[in-house]
1. As a test, work out the antiparallel percent of DSSP beta bridges whose residues both lie in the chain, rounded to the nearest 5.
2. Over the chain, what is the mean sequence separation of C-alpha contacts under 8 Å (at least six apart), divided by residue count, expressed as relative contact order in percent?
3. Among the trypsin sites (Lys or Arg not before Pro) within region 345-422, which fall in a DSSP loop and have no more than 16 other Cβ atoms within 10 Å of their own Cβ?
4. Students often get this wrong, so check it: of 165/423; 200/423; 65/394; 251/425, which have C-alpha atoms separated by over 30 Å?
5. Going by the alpha-carbon gyration tensor, a ≥ b ≥ c the square roots of its eigenvalues, is region 314-422 rounded (a/c under 1.5) or, if a/c is not under 1.5, prolate (a/b greater than b/c) versus oblate?
6. I'd like the carbon and sulfur percentage of the solvent accessible area for the chain, probe radius 1.4 Å, heavy atoms only, ligands and nucleic acids excluded.
7. Just the number please: accessible area per residue for region 142-210, 1.4 Å probe, all protein chains included, in Å².
8. For the cross-link pairs 52/289; 205/402; 203/410, which exceed 31 Å when the distance is taken from alpha carbon to alpha carbon?
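The values are calculated or read from the model by the stated rules, or taken from the named source; none is laboratory data. From a predicted model like this one, the values you see are computed outputs, not experimental measurements. When we count neighbours, we look across all protein chains shown, and the Cβ atoms used for this are built from the backbone with ideal geometry, even at glycine. With ligands, DNA and RNA removed, areas are computed over all heavy atoms of the protein, side chains included. Shrake-Rupley method; radii C 1.70, N 1.55, O 1.52, S 1.80 Å.
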Amino acid sequence: MIWNPQYECQESGERRLLQLARLKNLVETLYSRVPFYKDRLDEAGVRPRDIKALSDIAKLPFTIKDDLRETYPYGLLACPESEIEEIHMSSGTTGVPVVDAYTRYDVECWEEAMARTLSGAGATRHDTVQNCYGYGLFTGGLGVHYGAKRIGANIIPMSSGNTQKQLMVMRDFGSTLLCSTPSYALFMAEEARETGFDFKSMKIKAGCFGAEPWSENMRHQIEVELGIDAYDIYGLTEITGPGVAFECECKDGMHVNEDLFYPEIIDSETGLPLPDGEKGELVFTTLVKEGTPLLRYRTRDVTFITRGTCGCGRTTAKMHRLFGRTDDMLIIRGVNVFPSQIEHALIEIEGTDPHYLIVVDRGSNHLDEVELMVEVKRELFTDETKSLESLKGKIESVMKSKLGIQLRVKLVEPKTIERSVGKAKRVIDRRSI
Ligand code: ADP
Ligand code: ZN
């Protein structure tokens, strides 16, 4: 299901010409309308006329999250305030929220990007979309809403939480597409099991999951427990919200809406561009945004990019499932660890549930210590304690061999770890408190 073959299947040379024209236009606009960017470009010694090829993008300055915070609320506006018709803010997983301001045209582009995203998961106007992303300042709720409206589907604006009602609505209205965070999808499955809802007898056939890190194993678990196809979708408030990239039926990487958002991968230490296929920090330049366009925004998300024609027919670049965020990355006694690696290792271990919490602290000897709280299947608690002890030992040795770190495992009963209806909180780092 390809929503817009003209842009999604465009010949790559033609796309590059379009991107270049849009990039030139963007740099001119920012130089003449946004004092923040004029200063940055002057500092970098770059004028709009210096952009002659796409590779010249490397001459342009980066934008970082702190730039957005420091210019709060409207310091990066590139259009008259009267043209803004909607405001969103990031959920602030890592600090003070940042603002995205949309003109009518920006909202239309967002609708388009999300129509492509939902189509990637097979949605058409005949679908009923149950949207469990939070409505409000968070971009997830309205982003999915706009995309579903654009394709003409029936949209049920559930927002997050109230799981029993979610299940009832899903059953009674025959929802066919579920949109939520992956952790909430699993939570729904858990609630369904306990309260006698049978997912497999529902009409739901696919789900668009994103907004937080998840693993290939978690996809597998969602697909099995809910009896659906699970698709990875990616976006961030600063760039537009969801709709930046999405998976197709091939489920091996997310197609970037490249005519709208120009992706680069850089080495996060040196800031230098990395070639396709190499893992690094993802950077986006918004090519058509009017409200708050951004130059080379450093997402802090870690992935790599591949190009070519996909099995689905799309020609857009694909980004691999995220490996984590550079700022989420835990450095444990000098070893880099992403929470998603821990999750990945955990799901392969029989008897555990993918609900976990990583608590990092400094021990009495000032060395980093990690405690991994893991929920285990209820049956194990009624068993002899021997099996709990051996499971604990097994997890510790798997973590040691796969991640190279020694951690302490604490097995806890189901539902001990707080559930989230939005983004799951996986790490408590007490070293910085
Ligand atoms: P924040 O969480 O920074 O407050 P957002 O709500 O805009 O801001 O979330 C955007 C971030 O969520 C992304 O930068 C990325 O780290 C994470 N994210 C979004 N989609 C995915 C996904 N499919 N897989 C992993 N992480 C994702
Ligand atoms: Zn594809």
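1. Roughly 60 percent of the beta bridges in the chain run antiparallel, per DSSP.
2. 14 percent
3. 377, 415, 419
4. Result: 65/394 exceed 30 Å.
5. Verdict is oblate for region 314-422.
6. Looking at the chain in its full context, I get 51 percent from C and S.
7. So region 142-210 comes to 39 Å² accessible per residue, rounded to a whole number.
8. 205/402; 203/410
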